[in-house]
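Written below as structure tokens is the structure these notes are about.
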Amino acid sequence: MGLEEDFALAPFGNRRAEATVTVYDESGKINLYHAPPSVLEALWGATGGITGQQAREIRGKLSPHKGSTVLGVDELLSRKLLTPEQYKAVDKDLITVHTVQDHDNATGYLNLNAAAPEVLSAVLGITPEKAESIVAKNIRLTNLGALEKAAGQPASSFNIKSDRVDTLPAALTFTSRCFRIVSEASYGI
């Protein structure tokens, strides 16, 4: 989902310039480097046929510290981590590699309020119907209690776990902080 703005710039002689700037909120997407294999399996298992073993292999082969980085989901196909059939079946718009600035201290990079139902289902370990209901009702999550109430289960059952029972898992947040900006421009007669 993006916010798009068009600009028509003043003509220069007989030439005209136009620009479109689109801002995408990346914060509601699963980060490929930091998602537990259980989240990848939950996200892609039904649609892409990704098994738990394959999810563990994908996560094991990707590390921003070991030089095994990817620029995006497309590289999972080119590096043969997904078959062509799996690649076609999975929703690539639910995954990102851009939401973590410090991979040694990866915190607050997945905004649950911006997440698609598929992401909520995979991260919280809830049914797709429950996740769809949270999004459809536009429930604004603001704290751990509200999250557990909306999910209908304790945080200890989530696919992304917290180190402490009474705190939100470090990866999760309720605000956006990572945006991707795409700019397209034309200049001509």
Computed accessible area, Phe174, all protein chains, 1.4 angstrom probe, square angstrom: 40 Å²
Listed residue pairs exceeding 20 Å between alpha carbons, taken from Lys29/Lys130; Lys137/Lys161; Lys29/Lys88: Lys137/Lys161
FRET efficiency, Tyr87 to Val182 (Cβ-Cβ, R0 25 Å, nearest 0.05): 0.65
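May I ask for the net charge around Ala116, where only other residues with Cβ less than 13 Å from the Cβ of Ala116 are counted and Lys, Arg are +1 while Asp, Glu are -1? Can you show the working numbers first?
Details: positive: Lys29, Lys92; negative: Asp25, Glu26, Asp91, Asp93, Glu118, Glu132.
Once positives and negatives cancel, what remains is -4.
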Under 19 Å from the Cα of Lys61 - lysines, other chains or at least 8 residues apart: Lys80, Lys92
Phi to ³J(HN,Hα) by Karplus 6.51 cos²θ - 1.76 cosθ + 1.60 over segment 159-167, Hz, x for Gly, Pro: 7, 10, 9, 9, 6, 10, 5, 9, 10
Longest to shortest principal axis, alpha-carbon extents of the chain, angstrom: 65, 39, 32
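If we sort 90-97, 29-36, 159-166, 125-132 on the protection proxy, mean other Cβ atoms within 10 Å, highest first, what's the order? Walk me through the intermediate numbers first.
Details: 90-97: 17.6, 29-36: 23.0, 159-166: 13.4, 125-132: 16.1.
Averaged packing, sorted descending, gives the order 29-36, 90-97, 125-132, 159-166.
On full extension of the chain, what length is gained from Asp102 through Gln53, given 0.36 nm per residue of separation minus the C-alpha to C-alpha distance? Can you show the working numbers first?
Working: separation 49, 0.36 × 49 = 17.64 nm, distance 2.72 nm.
14.9 nm is the gain from fully extending Asp102 to Gln53.
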Per residue accessible area of the chain, 1.4 Å probe, in Å²: 57 Å²
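Quick check: with the 1.4 Å probe, what order do Thr167, Thr22 take by accessible area, largest first? Write out the running numbers ahead of the final one.
Values: Thr167 45, Thr22 15 Å².
I get Thr167, Thr22, largest accessible area first.
Would you mind telling me the share, in percent, of accessible area of segment 75-157 contributed by carbon and sulfur at probe 1.4 angstrom?
Accessible surface attributable to carbon and sulfur in segment 75-157 totals 50 percent.
Assuming R0 = 30 Å, what is the FRET efficiency of Asp74 and Thr142, from their Cβ-Cβ distance, to the nearest 0.05?
Values: r = 35 Å, r/R0 = 1.18.
Between Asp74 and Thr142 the formula returns 0.25.
The values are calculated or read from the model by the stated rules, or taken from the named source; none is laboratory data. Everything numeric in this text was worked out from a predicted model, so none of it was measured. Every residue, glycine as well, gets a Cβ built from its backbone with ideal geometry; the counts of neighbours run over all protein chains shown. Protein only, heavy atoms only, side chains kept; ligands, DNA and RNA dropped before computing areas. Shrake-Rupley method; radii C 1.70, N 1.55, O 1.52, S 1.80 Å.
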